[in-house]
Amino acid sequence: MASLSVKPGQRFTLPDWQNNSLLISADAEQQRYNSHHIRQEGRALRNETGNQAKWDEQNSRTHLKDRIACVDKWREALARCLTETDSEIDALTKVKEAAENAIQAKNLCLDVAIECLTFRESRRDIDVVRDPVEEELLREVKVIEKTKKELQQRVDDAFRQLCLLKEARQLLLSDHQHKVEALELDRQCMSFNPTSGNISFKVNPTRIPDGSTALSEWEQNSRCNKERAEAEIKASIDLRGAIALSIAQTNNELDAQRIATEFALRKRMRDMEAALNELRWQEQNTLDEIAEMEEEIRKLEEDIRKRTLDLKVAHTRLETRTYRPHIELCRDQAQYGLTDEVQQLEGIICALQQKRTESQDALDALYRQLHRIRTDIGYKTNSLQLDNKCMDTRKKLVIPVEKFDPEVDAVNRTRNLPRNSQLELA
């Protein structure tokens, strides 16, 4: 008789089997929950770190832009100062050469005076007297020697001042070149992005390089270089005036008065041009501010319009909710929120309208100031034209009218007399 074959081994009960299935399901749900939680945390972390990295990079880019603007501003200032220094070196060199030429011219005068004294030594007997002619000749010799000594001192002063100007120019040039190199590096940094091919990890990039200086020290260095050059330029301008005055003292009293008058005119013209430049700068800035203020008023009016629409929405919501039936017409949180919103919007609109009124008043004041500036520019332009006419007319004192051809000095921005007339000897 056949028997049932039973597979040997452990047998589990039906509850064990059910518990195992429930356990597997519970474990699966727990793992899915854990996975979902981790995914949510990862997503939040990615969003947070991505935004943080984006803002950090934007802040770094902004700082680089500000730094580039600051360095470029100093570079332009140093470049202008370099140009002024070069112009002043050229001007002082020409004045020094003029003084040297004047010394050479005085040698001829001295030779003539000594020769006259020598001739008079040939007088005989009673004619060998100390007469006024001899006294004037001796006085002339002393005056010429004194003049030569003064001019030689001026030449020596000019030489020393040229050395100081060139030294200041070298400091300016070095500082300017350094800033050009720094600008190139910072602009290169601005061009870097995650797709750039020349980016890589560096060894200890946050280290403080040897020779680093503080920002205040950096700015102080550039300011000192600029102020030193400006001081040397001012001293050179003063020295050029002194040299010109020393040369002019060999002329007669009328020429001295003419030079003094022209010096005053030149100074007045420089002051007038400086005032005109300041007014034009103020005019441009005022125009820029007017444009910005008009744009701001437009934005204020746009905001007022938007907030007014928001207020209409809030009013409509409040009014609509008044039609709720019976017990539904209660003062719930929505009612309080809408009421607060209306009050807030009314306050905002009032503040915006007040600011718009203030902005409009400021704009009107800017337009009045612009009219005043332009009126003053007209006055000063007319005065400068009159001073230029005076300079042109005064050239008739030293050259014939038919040969009159005004020349403008690019350094002093004034009209110069011919060189021969400046070095004319008494």
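I'd like the residue in region 185-227 that is surrounded by fewer than 10 Cβ atoms within 10 Å (Cβ to Cβ), assigned to a helix (DSSP H, G or I) and small (G, A, S) and, out of all such residues, is farthest from the chain's Cα centre (by Cα). Among those that are surrounded by fewer than 10 Cβ atoms within 10 Å (Cβ to Cβ), assigned to a helix (DSSP H, G or I) and small (G, A, S), it is S191. I'd like the residue in region 344-381 that is under 27 Å from the mean Cα position of the chain (by Cα) and among the aliphatic types (A, V, I, L, M) and, out of all such residues, is surrounded by the fewest Cβ atoms within 10 Å (Cβ to Cβ). For region 344-381, the residue satisfying everything is A365. In the set A53, A102, only one residue is open to solvent by 50 Å² or more (accessible area, probe 1.4 Å), within 60 Å of the chain's Cα centre (by Cα) and modelled with pLDDT under 85; that residue is A53. Filtered by the rule that a residue be modelled with pLDDT under 90, of a type in the set (A, V, I, L, M, F, W, C) and surrounded by fewer than 13 Cβ atoms within 10 Å (Cβ to Cβ), region 131-184 gives a lone residue, V133. C330 fulfils the conditions (1) open to solvent by 80 Å² or more (accessible area, probe 1.4 Å); (2) not in a helix (DSSP H, G or I) except for a single criterion, (1). Taking K73 as the residue in question, decide whether it is in a helix (DSSP H, G or I) and surrounded by fewer than 17 Cβ atoms within 10 Å (Cβ to Cβ). Judged against the criteria, K73 is a match. Selection of region 264-284 for residues being open to solvent by less than 60 Å² (accessible area, probe 1.4 Å) and either under 23 Å from Q360 (Cα atoms) or modelled with pLDDT of 90 or more (or both) yields only E283. Does region 304-327 hold any residues that are open to solvent by less than 60 Å² (accessible area, probe 1.4 Å) and part of a helix (DSSP H, G or I), and which are they? Within region 304-327, I304, T308, D310, L311, A314, L318, R321 qualify.
Of everything in region 105-130 that is in contact with a Leu (Cβ under 6 Å, 6 or more places away or on another chain) and modelled with pLDDT under 65, the residue that is most open to solvent (accessible area, probe 1.4 Å) is C116. In region 331-354, the residues that are under 16 Å from D303 (Cβ atoms) reach residues that are at pLDDT 90 or above and among the basic types (K, R) with C-beta atoms within less than 7 angstrom, at least six apart or across chains, in these pairs: L345/R307; I348/R307; I349/R307; L352/R307.
The values are calculated or read from the model by the stated rules, or taken from the named source; none is laboratory data. All of these numbers come straight from a predicted model, not from anything done at the bench. Every residue, glycine as well, gets a Cβ built from its backbone with ideal geometry; the counts of neighbours run over all protein chains shown. Side chains included, ligands, DNA and RNA excluded: accessible areas come from the protein's heavy atoms. Shrake-Rupley method; radii C 1.70, N 1.55, O 1.52, S 1.80 Å.
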